[in-house]
Amino acid sequence: MSVIRDEMPLLTRHEGEWAGIYTILDAEGNMLDKHKSILTCEFPENGEYPYYQINKYIWPEGKYEEHHFPATYHDKKIWFDTERLEGYAWEVDDSIILLWFKYKAMPGAYMYEMIHLSPCGNYRNRTLHWFKDDRVFKRTTMQEERVK
């Protein structure tokens, strides 16, 4: 068993595939976007990255996006550094993971995400707060269910 599985047991419980709905709101709570998602969280036994996440987004009108997020591991955190973003995630307790990241194409902006995993391990609720100049300008809520 790898160190990441030993030192981040909550993250390990996220392994699998998750289907859900992303709802994006402006700072006043007005809906900006809503779409489906399928996220895959993996812990490859071989390879360069001990954690690998694939996010697929599907809009009602047929738009589709897929993004890959490999992560390294040290100091009881997973660390992302891709073309798209950089950041890290850590466990707060036995049900909450926090993630801090910034998109490289958005200078001056950063995000905090809270991920809550239900005790049964089949439901996740996530809230993402987008900051620019240290003020919230957008929020994303995600409600997900394990499908694999």
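Somewhere in segment 64-80, is a residue closer than 26 Å to Thr23 by Cβ and polar (S, T, N, Q)?
Looking through segment 64-80, none of the residues is closer than 26 Å to Thr23 by Cβ and polar (S, T, N, Q).
Go through (1) over 16 Å from the mean Cα position of the chain (by Cα); (2) assigned to a strand (DSSP E or B) one by one and return the number of the condition Ile21 breaks.
(1)
Could you give every pair whose Cβ atoms fall below 7 Å, whose first residue belongs to segment 115-139 and is under 18 Å from Tyr103 (Cβ atoms), and whose second residue is assigned to a loop (DSSP other than H, G, I, E, B), counting only separations of at least 6 or pairs across chains?
Going by the 7 Å Cβ cut-off, the qualifying pairs are Lys132/Gly108; Asp133/Gly108; Val136/Ala27; Phe137/Ala27; Lys138/Ala27.
Kindly establish whether Pro44 is at pLDDT 95 or above and within 23 Å of Ile4 (Cβ to Cβ).
no
Among the residues of segment 24-41, how many are within 11 Å of the chain's Cα centre (by Cα) and either among the polar types (S, T, N, Q) or closer than 15 Å to Glu65 by Cβ (or both)?
2
Give the number of residues within segment 52-87 that are assigned to a strand (DSSP E or B) and of a type in the set (Gly, Ala, Ser).
So the answer is 2.
Considering each of Trp90, Trp130 in turn, give the residue that is part of a strand (DSSP E or B), of a type in the set (Phe, Trp, Tyr) and open to solvent by less than 30 Å² (accessible area, probe 1.4 Å).
Exactly one residue qualifies, and that residue is Trp130.
Quick check: is even one residue across segment 75-82 under 18 Å from Asp6 (Cα atoms) and touching a helix residue (DSSP H, G or I) at 6+ places or on another chain (Cβ under 6 Å)?
Within segment 75-82 (the criterion being under 18 Å from Asp6 (Cα atoms) and touching a helix residue (DSSP H, G or I) at 6+ places or on another chain (Cβ under 6 Å)), the answer is yes, since at least one residue qualifies.
The values are calculated or read from the model by the stated rules, or taken from the named source; none is laboratory data. Remember, predicted model here, so these are calculated numbers, not experimental data. Counting neighbours? That spans all protein chains shown, and the Cβs are built from the backbone with ideal geometry, glycine included. Note: accessible area is taken over every heavy atom of the protein model, side chains too, but ligands, DNA and RNA are not part of it. Shrake-Rupley method; radii C 1.70, N 1.55, O 1.52, S 1.80 Å.
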